[in-house]
Amino acid sequence: MSQKRAVFLDRDGTLIEDLHYLRDPAAVRLLPGVAPALRMLNEAGILAVVVTNQSGIARGRLTEAEYQATQRRLEELLAAEGARLDAHYHCPHLPEITGPCDCRKPGPGLYREAARDLDIDLASSWWVGDRLRDVSAARLLGGRGVLLLTGSGREEAPLPEARSWLIVPDLETAVRHVLAA
Ligand SMILES: [Mg+2]
């Protein structure tokens, strides 16, 4: 058994500014402290895996190719600061348009796919994001969740369902918790 630990990271509002249906790579902006936080995960041998809902694709607000271009830009910005993402997964659906799927967060589909692809032990992994739907799969799959106050976090944190999760200001603080666990 040499299964790996992972941190499953939301993208918009967690790693980069949430611009809603982002399609222009030039508009990708890292949030403060994100590159150093990912570098800490990289150095600790913990996988950094993006899982993101991109319903703008189902809505016709951006294309698959435009999404991929923004993802490449994110990776370039991180590489310039010596950090990397180990994998990224996205759900292009919206149930009202494309029907039900199990990959749209909080569904577990993409986490299970990542676990198979990368040999991840879900029960010892972490879920991090600015919305409850980014972390709630931890309840189903094991592992722990951290809600951030970046992005939409300040609207989500007062919700009753948020009480059961660790809430921290930003990704860097979340990563410190992961590394101390
Ligand atoms: Mg988000």
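Within the stretch 128-155, restricting attention to residues that are of a type in the set (S, T, Y) and out of contact with any strand residue (DSSP E or B) (no Cβ under 8 Å at 6 or more places or on another chain), which residue is farthest from the ligand (Cβ to nearest atom)? Spell out the reasoning first.
Residues of the stretch 128-155 of a type in the set (S, T, Y): 136, 150, 152.
From the residues that got through so far, the ones that are out of contact with any strand residue (DSSP E or B) (no Cβ under 8 Å at 6 or more places or on another chain) too are 150, 152.
Numbers: T150: 8, S152: 6 Å.
Residue satisfying both the conditions and the ranking: T150.
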Checklist entry - Which one is farthest from the ligand (Cβ to nearest atom) among residues in the stretch 1-20 that are surrounded by 16 or more Cβ atoms within 10 Å (Cβ to Cβ), of a type outside the set (V, I, T) and outside any strand (DSSP E or B)? => result R5
Next on the checklist: Looking at the structure I just gave you, is A37 within 16 Å of the ligand (Cβ to nearest atom) and surrounded by 14 or more Cβ atoms within 10 Å (Cβ to Cβ)?
Outcome noted: yes
Item to check | Criterion (more than 23 Å from P169 (Cβ to Cβ), of a type in the set (A, V, I, L, M, F, W, C), more than 16 Å from the ligand (Cβ to nearest atom) and in contact with a helix residue (DSSP H, G or I) (Cβ under 8 Å, 6 or more places away or on another chain)) met by exactly one of L47, L77 | outcome: L47
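Look at the stretch 155-179 and say how many of its residues are assigned to a helix (DSSP H, G or I) and under 18 Å from V34 (Cα atoms). Walk me through it before giving the result.
Taking the stretch 155-179 first, the residues assigned to a helix (DSSP H, G or I) are 155-156, 160-164, 171-179.
Going one step further and asking which of them are under 18 Å from V34 (Cα atoms), we end up with 171-179.
Qualifying residue count for the region: 9.
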Checklist entry - Restricting to the stretch 127-154, what's the tally of residues that are in a loop (DSSP other than H, G, I, E, B) and not polar (S, T, N, Q)? => result 6
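Taken together, the values in this text are just the output of simple stated rules run on the coordinates, not laboratory data. Please read all numbers here as calculations on a predicted model, not as lab measurements. With ideal geometry, Cβ positions are generated from the backbone for all residues, glycine too; neighbour counts draw on all protein chains shown.
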